1. What is the residue count in segment 9-55 for residues that are more than 19 Å from the chain's Cα centre (by Cα), exposed (fewer than 10 other Cβ atoms within 10 Å of the Cβ) and part of a helix (DSSP H, G or I)?
2. Restricting the first residue to segment 23-50 and requiring it to be farther than 17 Å from residue 5 by Cα, which pairs with a second residue that is modelled with pLDDT under 90 and surrounded by 10 or more Cβ atoms within 10 Å (Cβ to Cβ) meet a Cβ separation below 8 Å and a spacing of at least six or different chains?
3. When residue 38 is evaluated against the numbered criteria (1) in contact with a helix residue (DSSP H, G or I) (Cβ under 6 Å, 6 or more places away or on another chain); (2) at pLDDT 90 or above, which criterion, by number, is the only one it fails?
């Protein structure tokens, strides 16, 4: 079997994923987060105060998700 790498515009990604699914093709995503980004998040966690945090359920209500 051959392996193909495609660069797909973000706004077309859902279309291609649905197409691949209907054709029975496998899709694999590799997300690599740079170490410096991970360190920024770790630092923010270390510096956070529990009283400033809100539960995910509450935060989710304030977010707008694309459909």
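The values are calculated or read from the model by the stated rules, or taken from the named source; none is laboratory data. Computed from a prediction, not measured in an experiment: that's the story for all the values here. Cβ coordinates were reconstructed from backbone atoms using ideal geometry, including for glycine residues, and neighbour counts include every protein chain displayed.
1. 9
2. none
3. So residue 38 meets the others, but not (1).
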